[in-house]
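The block underneath contains the structure these notes are about, expressed in structure tokens.
The values are calculated or read from the model by the stated rules, or taken from the named source; none is laboratory data. This one's a predicted model, so the numbers in the text were calculated from it and none came from an experiment. Reconstructed Cβ throughout: ideal geometry from the backbone, glycine too, with neighbour counts over all protein chains shown. When the accessible area is computed, the model is the full protein with side chains, heavy atoms only, and any ligands, DNA or RNA have been set aside. Shrake-Rupley method; radii C 1.70, N 1.55, O 1.52, S 1.80 Å.
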Amino acid sequence: MSNYHIKHLEEYYQVYRKSIRNPELFWEEIAEEQFLWRKKWNHVLRWDFSKPEVKWFEGAQLNITENCIDRHLATRGDKTAILFEPNDPSKSAEHITYLQLYHRVNKFANVLKAQGIKKGDRVCIYLPMIPELAISVLACARIGAIHSVVFAGFSATALSTRINDSDCKMVITSDGSYRGAKTIDLKGIVDEALERCPGVKIVLVAKRIHSDIQMKEGRDQWLQQLLDEASDQCIAEVMDAEDPLFILYTSGSTGKPKGMVHSTAGYMVYTAYTFKNVFQYKENDIYWCTADIGWITGHSYIVYGPLANGATTVMFEGVPSYPDFGRFWDIVEKHKVTQFYTAPTAIRALAKQGTELVEKYNLASLKVLGSVGEPINEEAWHWYNDNIGKKNSPIVDTWWQTETGGIMITPIPYVTPTKPTYATLPFIGIQPALMDEHGKELIGNQVDGRLCIKYPWPSMARTIWGNHQRYKDTYFSAYENMYFTGDGALRDEVGYYRITGRVDDVIIVSGHNLGTAPIEDAINEHPAVAESAIVGFPHDVKGSALYGYVTLKDTGESRRHDNLRKEINQIITEHIGPIAKLDKIQFTSGLPKTRSGKIMRRILRKIAHNDTSNLGDTSTLLNPEVVQDIMDNAL
Ligand code: WTA
């Protein structure tokens, strides 16, 4: 029996048990049956969480683009692979067939080769949501170059840090991007970033907005000219199962961003298998994930997972509010979208607009609704269920992370009964554990603890680029022999999981992970700032927003607080990007600290949440007087 497509609850339990009882045998069958290999593996899995080291399908050889493109040509050559919906609704959508995708990826791959990019080289991709983004990702994979996509909303400083951390040789960008009614000068941002990146020798520039940009002699080249001259045939590089496929940066609670490294075979197998089941994908479906390819959701569930299944995947360049808040529903109607996957923050923003703009459109094509990125609150869940799904399309609340590569805890639509705010059951092959603060596993149901994973799964990140020790410290040191997710979760009376949120200093704002330390570092660069602390507070659209407590240096001169607030947000925008701007900034006479000098964020969090009835144990505070002062002046 094939276990590739799960269709009812009994089958889920049966396949789940099988995947836990003998994971190697289980994954071997899936890999054998569903994918194209140049050479089969010697070992399905070798692992040791104490190192940590995880190897799936060791000895196997493959190229992921042969699985995502070439093998579909015989039966799906004329089928749309990528359906590109541009920012401007009056412009027509572009249907890129599998055959066209094959030619375009090959041409791009040949351009990369001609520019000296080889297997193992790192290529930074800083592009808007245009077809070249997906194509350049696949072109890197075709020749074995490691792509590092940086979300095109990040600032020049954030971009340069990421380029240098993984030593990228090349940057692929565009002459600008459209975002609703605005245009953004991406090339200008790249130019500024590259002042700090001596390792980048080549910049390929896609034309998108036709703005008048500066091309640096000897470094910058127009992509189209090179593509025009390139052959549309490119033999795929033969990759080892564990060769890195890409690096993707994610925020940590401390220090610089972590370059999560994903490898080839396991990532392919797991993203394809989850895509098939979590979206109950069928051959003629039109699947749309609204994420940006700059995030893991876009990597796994716009590009690799759907294409590995020969699906049609929609890529949307614009924003949900342009030309008005009906845009998502307009696209659903126009392309008869069957699966729609978005983030709670988008749902809340749309719900705020009422239902008038929803009712204008025919959403009858929808079969599955997805949610990802942060806990979905009950109100948003019901709005989504009632108004978009018309109570007919199950909501899959999918919990996972950049580090996990693929969806980990999720309902399977039409299989798992859903429950608002619950991600429900572990996906096939996933063994979650809830731990108490003493490192003991909480057994049974109706428990609440820290979410860990006990056993390897194929798409887990293998390391942090250039810093294996940090990988070990962050994920494998909190609990012995377990992967620690950084999230808290509870298990209800029937074994369903509900993710309760981060238990570390990562704050999720509009679905974007933000570490507090890099933002504080940026603020502290302001000459008037002595120190600062950032916490999250509830926000009705963003989920969480940022509250900054800032202590100023005593310079004797008085400065207007409003101006300072603007300047602080400006510094943050320059260092990280506008997504990390603070909603509230309170100037304080000091920050509450323990005797060992640690800022007591717990107290600041309570004040920001307007929940000061019980501040908990404050006996270790060095300076209790500032707490009263902060409470009196809270915003
Ligand atoms: C949070 C996104 C609750 C969680 C794929 C996780 C969620 C972090 C959910 C990873 C969900 C993601 N319910 N929380 N369905 N999905 N999260 O790396 O805190 O951008 O650790 O990956 O988002 O965010 P990342």
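Listing for the model above:
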| read-out | value |
| --- | --- |
| Selection count, the stretch 487-512, where residues are more than 22 Å from residue 415 (Cα to Cα) and assigned to a strand (DSSP E or B) | 11 |
| Pairs where the first residue, in the stretch 29-46, is among the charged types (D, E, K, R) and the second is modelled with pLDDT under 95, C-beta under 8 Å, 6+ apart | 29/3; 33/2 |
| Answer from 462, 470, 450 - the residue that is open to solvent by 10 Å² or more (accessible area, probe 1.4 Å), in contact (Cβ under 8 Å) with a residue 12 or more places away in the chain and within 12 Å of the ligand (Cβ to nearest atom) | 450 |
| Residue check for residue 63: farther than 30 Å from residue 182 by Cβ and surrounded by fewer than 15 Cβ atoms within 10 Å (Cβ to Cβ) | no |
| Number of the exception - residue 406 against (1) open to solvent by less than 10 Å² (accessible area, probe 1.4 Å); (2) within 18 Å of residue 495 (Cα to Cα); (3) near the ligand (Cβ under 10 Å from one of its atoms); (4) assigned to a loop (DSSP other than H, G, I, E, B) | (2) |
| For residue 527: the one exception among (1) within 13 Å of the ligand (Cβ to nearest atom); (2) open to solvent by 10 Å² or more (accessible area, probe 1.4 Å); (3) outside the structural domain of residue 270 (by TED's automatic domain parsing); (4) of a type outside the set (A, V, I, L, M) | (1) |
| Conditions (1) modelled with pLDDT of 95 or more; (2) hydroxyl-bearing (Ser, Thr, Tyr); (3) away from the ligand (no atom under 11 Å from the Cβ); number of the one not met by residue 497 | (3) |
| Residue selected from the stretch 156-205 under the condition over 24 Å from residue 466 (Cα atoms) and of a type in the set (Gly, Ala, Ser), by the criterion most open to solvent (accessible area, probe 1.4 Å) | 181 |
| Residue in the stretch 574-597 that is part of a helix (DSSP H, G or I) and surrounded by fewer than 17 Cβ atoms within 10 Å (Cβ to Cβ) present | yes |
